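One structure is given here, and the rest of the page talks about it.
The values are calculated or read from the model by the stated rules, or taken from the named source; none is laboratory data. It should be emphasised that the depicted structure is a prediction, and the values quoted were computed from it without experimental measurement. Reconstructed Cβ throughout: ideal geometry from the backbone, glycine too, with neighbour counts over all protein chains shown.
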Amino acid sequence: MHKKTYFITGGGTGGHIYPAIAVADGLLEQEDTEKIYYVGNPNNLEANITSSKNYTFLPVNSSGMPRKATLTFLKWSFQMLFAWLKCCIYIFKYKPNAIFGTGGYVSAPVLFAGMTMKVPFVMHDCDANPGLVTRRFAPFAKSISVAFEVECKKLHNNNCFVNGNPIRKEFATLTKEQARSNLGIKNKLTICIMGGSQGAKKINDATVGILRELSSRNLQVIFQTGKKNYDDVVRSLENIYPEYKNDKNVIIKPYFDNMTDVLKASDIAVSRAGSLSISELCASGVASIFVPYAYAAADHQRKNAKYMLNQGAGLYLEDSATDSEALLKKIEMLVNDDEFLNTVQQNALKLAKFDGVEGIIKQIKDC
């Protein structure tokens, strides 16, 4: 049997990293896989998240493109040139059979190196409005995977497949009880509050104001603040709820390395409305309160959230209207009505897709 080597790339945010990891993990289980290399920025989340995985991390320094033609743009151009050269060296040294990229600036030099070195690549984009890197590289990809059918019309590639988002297999196998045991929390009604891997100040501020109230109702709260907002959250809590440190109903961290445990342990979630987050929340059977990021490209988060609302699979709260009082009212709608809570959870679960990884792996193997 001819063994194959693959490069996986995508980073910066969880929306790029977790689909890439799901596919990398799936490829590792294939009998004909020899080696997996994850190419990413050593200063980003992907370096931490992949550190415990059974594949080798290859560092490449890259950053987002500046919007104006300034000295910063010139420095960025040189950075990307060196990143491309480094990726070409990686390809020459490790000889991947194919490359899989999930978009974002981190994947750009890797995919460009693939084009240069004649290595076929497959791309996945998780949003209804494809990102810049996906749009630019799509015509040169062997095939494209997308989460929404509408994306295919926006990409210049005839081999476009609608797979949904690739999610880790644990979403289909991990039980709520196991997830709670992994986190060391009790088996009772649990709320996950998060603003994505980068955090969300509006959600954080609203949560700080109601954390004591939620705990007093014997609700368990898992609160992910985002790394850049963690210190601000702690300072605010020390002023208005200093007892939070000893509150066994509350877990507060800047970031959770294993969000599968967090989401599967939860009954209710407060979340942004990115496509990947929605896919994972649906797979977890969680009743979500969506607070879409108001400045998302092409307003895709608001569209995602409204879709979930119309499917009866989530509640909706405008970012501009998000404060402690408004957030508490939405949570109470679910907490105070078991039948409504269960209905929203079941509607979310009906929208879950668990076979995205298999579809993408087939595309990669067809390279």
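State the number of residues belonging to the stretch 313-352 that are polar (S, T, N, Q), in contact (Cβ under 8 Å) with a residue 60 or more places away in the chain and in a loop (DSSP other than H, G, I, E, B).
Final tally of qualifying residues: 1.
Considering only the stretch 164-174, I want to know if a residue exists there that is at pLDDT 95 or above, closer than 25 Å to Phe290 by Cβ and over 18 Å from the mean Cα position of the chain (by Cα).
yes
Restricting the first residue to the stretch 1-21 and requiring it to be more than 17 Å from Phe121 (Cα to Cα), which pairs with a second residue that is part of a strand (DSSP E or B) meet a Cβ separation below 6 Å and a spacing of at least six or different chains?
Lys3/Glu34
Taking the residues in the stretch 264-289 that are touching a strand residue (DSSP E or B) at 6+ places or on another chain (Cβ under 6 Å) and hydroxyl-bearing (Ser, Thr, Tyr) as candidates, determine which candidate is modelled with the lowest pLDDT.
Taking the candidates together, the pick is Ser277.
Based on this model, can you work out whether Ala287 counts as of a type outside the set (D, E, K, R) and either in the same structural domain as Gly15 (by TED's automatic domain parsing) or on the phi > 0 side of the Ramachandran plot (or both)?
No.
Exactly one condition in (1) surrounded by fewer than 22 Cβ atoms within 10 Å (Cβ to Cβ); (2) of a type in the set (S, T, N, Q); (3) in contact with a strand residue (DSSP E or B) (Cβ under 6 Å, 6 or more places away or on another chain) is not met by Asn239; state its number.
(3)
Please find, within the stretch 160-177, the residue that is farthest from Ser275 (Cα to Cα) out of those that are exposed (fewer than 15 other Cβ atoms within 10 Å of the Cβ) and free of Cβ contacts under 8 Å to residues at least 40 places away in the same chain.
Here the residue is Glu177.
Failed condition for Leu281, given (1) in contact with a helix residue (DSSP H, G or I) (Cβ under 6 Å, 6 or more places away or on another chain); (2) surrounded by 14 or more Cβ atoms within 10 Å (Cβ to Cβ); (3) of a type in the set (A, V, I, L, M, F, W, C), with all others met?
Going through (1) in contact with a helix residue (DSSP H, G or I) (Cβ under 6 Å, 6 or more places away or on another chain); (2) surrounded by 14 or more Cβ atoms within 10 Å (Cβ to Cβ); (3) of a type in the set (A, V, I, L, M, F, W, C) one by one, Leu281 breaks only (1).
Which of the residues that make up the stretch 33-57 are under 24 Å from Met1 (Cα atoms) and either surrounded by 14 or more Cβ atoms within 10 Å (Cβ to Cβ) or in contact (Cβ under 8 Å) with a residue 60 or more places away in the chain (or both)? Break it down into steps so the answer makes sense when it comes.
Narrowing the stretch 33-57 to residues under 24 Å from Met1 (Cα atoms): 33-38, 54-56.
Thr33, Lys35, Ile36, Tyr37, Tyr38, Tyr55 - these are the residues of the stretch 33-57 that are under 24 Å from Met1 (Cα atoms) and either surrounded by 14 or more Cβ atoms within 10 Å (Cβ to Cβ) or in contact (Cβ under 8 Å) with a residue 60 or more places away in the chain (or both).
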